[in-house]
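Read the figures in this text as sums done on the coordinates, not as results from a lab. Since this is a predicted model, take the numbers as computed values, not measurements. Cβ atoms come from the backbone with ideal geometry, glycine included; neighbour counts cover every protein chain shown.
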Amino acid sequence: MVKILLAFSFLFTTLIFQCAGQDISGYWKGTLMMRGCFPENNIELQINAKGNVLAGDSYHYQDIDNYVKKSFRGSFDRASKKLTLQEGIVTTYHIPQRCVICIKNFELTYYREGNKETLKGYWSGNVLNSTLSCDGGSIVLTRIRESAFKEIPEIKVDTGAIRLDFYDNAQIDGDSITVLVDKQVVLTHQRLSAKPLTTFVRIDKNNTFHEVEMVAENLGSIPPNTAVLIITAGKNRHSLTLSSSEVKSARIRIVYDEDISKIGQTIAASLMKPPDN
């Protein structure tokens, strides 16, 4: 009887482990072998799995300052462990003007060996708004714990008038900052307090991507230099805590997208559909 219980326990544990191993939600990183504007072509897939339905974001990038971000949809067959992903809307990009964007499709299979999880398969694609084919080929992605872009928050807005308010975080300790928007100084050597340091960002259709950088002019009496940034965009309000030091500034990105609400509704609707068989 004890042997039977032990065998059952082992089988149950194994089944739980196998099921957990097929939880593909998370971050996956690989390298693309393709010609293009980047000397290094990295890819990061941020997968959100709801049953057999997949949605998320993909980053094709050289580094965190040169990248294209797209949304994707897809499906996952748990029996065969196969994933099919199709990139769609380009949500953000920051690349040289000479570059073109490739919209990709992925056919991948999930593998697990010990603690290492990989997605292996092939990709293909076409140049954005064109029938011109990209270089396609094989690809291997490995599960990673954190996104390469985790240190630079991205805020989507649907209005052209953005207000930025900087406050000292918690205890007022004499922190002073300089703020740049798109590398241009908008506030210089300003001391943080309970009253906001305010500046504005104007967005137009020809410039929908903006980067805000907070540089520490000192560390105050309680290092590091920390601030609360309140971003007001129309009816939406975002609160972030920024931390900078003498060697590293804090950055955020603001991206204008007039279809934010529509995109959110579309993704939500897709996740409500019955799983594909």
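What the table shows:
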read-out: When each of Lys69/Lys195; Lys82/Lys156; Lys70/Lys120 is checked by Cα-Cα distance, pairs over 30 Å; value: Lys69/Lys195; Lys82/Lys156
read-out: Radius ratio Rg over Rh of region 154-201, counting only Cα atoms, Kirkwood formula for Rh; value: 1.01
read-out: Distance histogram in 10 Å bins (all Cα pairs of region 37-122, percent per bin); value: 16, 46, 29, 9, 0
read-out: Cα gyration tensor, region 212-259 - rounded (a/c under 1.5), prolate or oblate; value: prolate
read-out: Karplus 3J(HN,Hα) series, Hz, for region 105-119 with 6.51 cos²θ - 1.76 cosθ + 1.60 (x for Gly, Pro); value: 10, 10, 10, 10, 10, 7, 10, 9, 10, x, 9, 9, 10, 9, 10
read-out: Low-density loop cleavage sites - trypsin sites (Lys or Arg not before Pro) in region 144-212, where at most 14 other Cβ are within 10 Å (DSSP); value: Arg145, Lys150, Lys183, Lys205
read-out: Subset of Lys29/Lys205; Lys50/Lys150; Lys104/Lys183; Lys81/Lys104; Lys29/Lys183; Lys81/Lys116 violating a 25 Å alpha-carbon distance limit; value: Lys29/Lys205; Lys104/Lys183; Lys29/Lys183
read-out: log10 of Debye I(q)/I(0), alpha-carbon scatterers only, for region 121-253 at 0.17, 0.20, 0.22 Å⁻¹; value: -0.91, -1.12, -1.28
